[in-house]
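Beneath this line is the structure, given in structure tokens, with notes to follow.
The values are calculated or read from the model by the stated rules, or taken from the named source; none is laboratory data. Because the structure is predicted, anything quoted here is derived from the model rather than measured. Here the Cβ positions follow ideal geometry from the backbone for every residue, glycine too, while neighbour counts run over all protein chains shown.
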Amino acid sequence: MLELLELCAGRWLSLRTLVSLSRDEEGWDQSQSAQLEFTWQPAKEGPELGVLQLHRTQQPDFQLRMVGIAQDQEGDFQASDGCHGRWRFSGDHVLELTWCSGVQQFCERIWFSKANLRLRSRVITSLGNPAVVEGCGFYSEIRRVQR
């Protein structure tokens, strides 16, 4: 678990495809790229694992405070934007984050194919009916190495 969070630190080129379920023939998908920079700050002691921080150029940094015991493979998180939810580290080395916002539930999965290739998927469902998918996204992120 901690190894995965440590691997998240660094500069990344992120390519993402977002899909919103719509009956329209156009505008249902969108592709974007972005430069991302993350740091991981492990906690010294206590129930907190540490803070994963996304550094942004024209906005305040975004922080994800992870609470729980790594050996338990699950816990809570609190984001700097007020969002909170649960994290779970599965046996297949995937970090899963789940949270709710309004009437939507979000499930994001993060895993590494290689140390320099991070993959993420996000599924947005209706809180009242989790079988109803409202949107999804797939992110492939390549670590930018300094030479």
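When you scan segment 16-30, do you find a residue that is under 24 Å from residue 146 (Cβ atoms) and modelled with pLDDT of 90 or more, even just one? Walk me through how you get there before you give the answer.
Of the residues in segment 16-30, the ones under 24 Å from residue 146 (Cβ atoms) are 16.
Checking which are modelled with pLDDT of 90 or more leaves us with 16.
Yes, there is a match, as at least one residue in segment 16-30 is under 24 Å from residue 146 (Cβ atoms) and modelled with pLDDT of 90 or more.
State all residues of segment 103-138 that are touching a residue at least 24 places away in the same chain (Cβ under 8 Å) and over 15 Å from residue 4 (Cβ atoms); if no residue qualifies, say none.
If the condition is that a residue be touching a residue at least 24 places away in the same chain (Cβ under 8 Å) and over 15 Å from residue 4 (Cβ atoms), then 103, 104, 105, 127, 128, 130, 133, 134, 135, 136, 137, 138 are the ones that fit.
State which residue is farthest from residue 31 (Cα to Cα) when the search covers only segment 104-147 and only residues that are assigned to a loop (DSSP other than H, G, I, E, B) and basic (Lys, Arg). Walk me through how you get there before you give the answer.
Residues of segment 104-147 that are assigned to a loop (DSSP other than H, G, I, E, B), as a first pass: 115-116, 127-132, 144-147.
Now drop any that are not basic (Lys, Arg), which leaves 144, 147.
Details: 144: 20, 147: 29 Å.
Only one residue tops the list, namely 147.
Looking at segment 1-11, is at least one residue part of a strand (DSSP E or B) and either touching a Pro at 6+ places or on another chain (Cβ under 7 Å) or modelled with pLDDT of 95 or more (or both)?
First, the residues of segment 1-11 that are part of a strand (DSSP E or B): 10-11.
Next, only the ones that are either touching a Pro at 6+ places or on another chain (Cβ under 7 Å) or modelled with pLDDT of 95 or more (or both) stay: 10-11.
Yes: one or more hits.
Name every residue in segment 94-103 that is surrounded by fewer than 14 Cβ atoms within 10 Å (Cβ to Cβ) and either within 14 Å of the chain's Cα centre (by Cα) or assigned to a strand (DSSP E or B) (or both), in order of residue number.
Of segment 94-103, the ones surrounded by fewer than 14 Cβ atoms within 10 Å (Cβ to Cβ) are 100-103.
100, 101 - these are the residues of segment 94-103 that are surrounded by fewer than 14 Cβ atoms within 10 Å (Cβ to Cβ) and either within 14 Å of the chain's Cα centre (by Cα) or assigned to a strand (DSSP E or B) (or both).
For segment 124-147, name all the residues that are more than 13 Å from residue 103 (Cβ to Cβ) and hydrophobic (A, V, I, L, M, F, W, C).
Scanning segment 124-147 gives 131, 133, 136, 138, 142, 145.
List the strands (runs of 3 or more DSSP E) that sit entirely inside segment 12-89 and contain at least 1 residues that are within 14 Å of the chain's Cα centre (by Cα) and aromatic (Phe, Trp, Tyr). Don't jump to the end; show me each part of the working.
Values: elements: 29-42, 48-55, 62-69, 74-79, 84-89.
Where strands (runs of 3 or more DSSP E) fall fully within segment 12-89 and carry at least 1 residues being within 14 Å of the chain's Cα centre (by Cα) and aromatic (Phe, Trp, Tyr), they are 29-42, 62-69, 74-79, 84-89.
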